[in-house]
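J.: Questions regarding the structure given below will be posed in turn.
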Amino acid sequence: LSERQGRLESDIAAVARRIHEVEGRMYSGEVAASRELMAMSDEVESLNRRRRELEEMAFEAMAAGEPVDAQLSRLADERTAAEADAQRLRGIIAEAEAEIDAEVVAETEARTALVADLPDELTQRYERLRVRLGGVGAARLEHGSCGGCHLALPAVELDHIRRAPPEAVITCEQCGRILVR
């Protein structure tokens, strides 16, 4: 719209220059023939009509552009607000990632300390199970069920587990995970 308005304003200026040229010749005294003066007068009238038409079209283009300009301004404001929100959210995400990274480090250190106290054979067995079973090599035994596969253990197996010494390594018959009592 602003391009069209610019073209119209340029056309209006060109018509105004032409009117000024023709009127300048008419009133300069250079032209004495009445027929030529009449033709020049008709041209000035025609040019004035054309200028009014162009001015009206330019006004309409300007009026049509105002809502678009308002919408562009509103959209620019919305974009600025969205960019600010995005920046704020990136900061929140960065903080959360830093907290998670710190927790991972703390948990890794705690795990390393615990693993140091366990027999190597048990640690190696756990690692093999963990890799094979999707990251969980041991599960809690709760209410007669394995916390890994969530299946209830048979009564005979539960009785065997109850009678086993505390240091015995017990596994789930269903999934093979080490059961923590």
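The values are calculated or read from the model by the stated rules, or taken from the named source; none is laboratory data. Note that this is a predicted model, so its numbers are computed, not measured. Using ideal geometry, Cβ is built from the backbone for each residue, glycine included, and neighbour counts are taken over all protein chains shown.
A quick yes/no check of all residues on (1) surrounded by 10 or more Cβ atoms within 10 Å (Cβ to Cβ); (2) acidic (Asp, Glu); (3) touching a Cys at 6+ places or on another chain (Cβ under 6 Å); (4) in the same structural domain as Arg162 (by TED's automatic domain parsing):
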| position | (1), (2), (3), (4) |
| --- | --- |
| Arg74 | yes, no, no, no |
| Glu83 | yes, yes, no, no |
| Ala98 | yes, no, no, no |
| Glu107 | yes, yes, no, no |
| Thr112 | no, no, no, no |
| Gln124 | yes, no, no, yes |
| Glu127 | yes, yes, no, yes |
| Arg132 | yes, no, no, yes |
| Ser145 | yes, no, no, yes |
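J.: Take Arg140 and decide whether it is in contact with a strand residue (DSSP E or B) (Cβ under 6 Å, 6 or more places away or on another chain), in contact (Cβ under 8 Å) with a residue 40 or more places away in the chain and not aliphatic (A, V, I, L, M). Steps first, answer last, please.
T.: On the way: in contact with a strand residue (DSSP E or B) (Cβ under 6 Å, 6 or more places away or on another chain): yes; in contact (Cβ under 8 Å) with a residue 40 or more places away in the chain: yes; not aliphatic (A, V, I, L, M): yes.
In short, yes.
J.: Another question, then. Which of (1) of a type outside the set (Phe, Trp, Tyr); (2) assigned by TED's automatic domain parsing to the domain that holds Thr171; (3) surrounded by 12 or more Cβ atoms within 10 Å (Cβ to Cβ) is the odd one out, the single condition Gly65 does not satisfy?
T.: Only one criterion is unmet by Gly65, namely (2).
J.: Kindly provide the set of residues from region 23-35 that are at pLDDT 90 or above and touching a helix residue (DSSP H, G or I) at 6+ places or on another chain (Cβ under 9 Å), ordered by number.
T.: If the condition is that a residue be at pLDDT 90 or above and touching a helix residue (DSSP H, G or I) at 6+ places or on another chain (Cβ under 9 Å), then Glu23 is the only one that fits.
J.: Within region 103-149, track down each residue that is of a type in the set (A, V, I, L, M) and within 39 Å of the chain's Cα centre (by Cα). Steps first, answer last, please.
T.: Looking only at region 103-149, we keep the residues that are of a type in the set (A, V, I, L, M), and these are 104-106, 110, 113-116, 118, 122, 129, 131, 133, 136, 138-139, 141.
Listed by number, the residues that qualify are Val104, Val105, Ala106, Ala110, Val131, Leu133, Val136.
J.: In region 2-24, how many residues are surrounded by fewer than 14 Cβ atoms within 10 Å (Cβ to Cβ) and in contact (Cβ under 8 Å) with a residue 12 or more places away in the chain?
T.: So the count comes out to 1.
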